[in-house]
Amino acid sequence: MTTEPRPPGLRAQSVYRALRRAIIEQALRPGMKLPEDSIGEQLGVSRTLVREAFGRLAVEGLVELKPNRGASVAYPTLEEARDVFDVRRSLERLVAESLAGRLTPAQAAELEQHVRQEEAAHGQDGPESIRLSGDFHIKLAEMTGNVLLLRYIQELSSRCSLILAIYGRPHSSECAVSEHRQLIETLRSGDAKRAADLMDHHLQAVVTRALLTPRAERDIRDLLAPYALSEGLNPP
């Protein structure tokens, strides 16, 4: 089945989203080379659009661009990983403090629904669990109404998802679901200090559960196929 061609701006956004998801969901693994020609062919777009997406992903810390060596999925060291989580812990304390006692019933219901999605993915799909966990924290940042804080949390959440793809032990996010429920209840209670402390403990526990695990090799075209399909990109 064919679809109408998308305007260049929408196609660029689709390429960016497809690659970002493929990285966060661990289809494109940390350290993997990202050849512009193969990716452009698989997504049915020009190398220019692929290069543009690489630039956006590099700003988020998901892709590394090196002169004369091309692009590759970022592979942060353990030291860099700890630094990222340290910054994230500080900012998410602010998120928790800002939301304590201010959640609307609709917001609380949205968070509860998201946690149910996390429970459904519990123990079944590591990449899906990591993505949903990150989305939970982004939702919290959105609810603060602080645009700058949201932008930083989105970037840090992406980097942390990549870090967990490298260092997360299988099903290491399993206890995060119950921790997310505790966070919702504490935010409802209005105790800002307790909410901030619980958020800090939650993120520190994620770091503590980290453990290096290897990933198997696969062809980049096969890896990108479902992401191209989901974004309506049509390779030849």
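The values are calculated or read from the model by the stated rules, or taken from the named source; none is laboratory data. The structure displayed is predicted, hence computed values, not measured ones. Quick reminder, even Gly has a Cβ in these numbers, built from the backbone with ideal geometry, and neighbours come from all protein chains shown. Heads up: the accessible areas ignore ligands, DNA and RNA and are worked out on the full protein's heavy atoms, side chains in. Shrake-Rupley method; radii C 1.70, N 1.55, O 1.52, S 1.80 Å.
Determine whether segment 62-76 contains at least one residue that is assigned to a helix (DSSP H, G or I), more than 17 Å from the chain's Cα centre (by Cα) and surrounded by fewer than 17 Cβ atoms within 10 Å (Cβ to Cβ).
Checked segment 62-76: no residue is assigned to a helix (DSSP H, G or I), more than 17 Å from the chain's Cα centre (by Cα) and surrounded by fewer than 17 Cβ atoms within 10 Å (Cβ to Cβ).
So residue 13 ticks every box in (1) in contact with a helix residue (DSSP H, G or I) (Cβ under 7 Å, 6 or more places away or on another chain); (2) surrounded by 15 or more Cβ atoms within 10 Å (Cβ to Cβ) but one. Which box is left unticked?
(1)
Given the conditions (1) within 30 Å of residue 190 (Cβ to Cβ); (2) crowded, with 16+ Cβ neighbours inside 10 Å, and given that residue 87 satisfies all but one, which numbered condition is not satisfied?
Of (1) within 30 Å of residue 190 (Cβ to Cβ); (2) crowded, with 16+ Cβ neighbours inside 10 Å, only one is false for residue 87: (2).
Look through segment 190-236, keep the residues that are open to solvent by less than 40 Å² (accessible area, probe 1.4 Å) and among the β-branched types (Val, Ile, Thr), and return whichever of them is modelled with the highest pLDDT.
This residue is 206.
May I ask you to list pairs of residues, at least six apart or on different chains, whose Cβ atoms are under 9 Å apart, with the first in segment 191-205 being more than 14 Å from residue 180 (Cα to Cα) and the second being charged (D, E, K, R) and modelled with pLDDT of 90 or more?
These pairs meet every condition: 192/97; 193/97.
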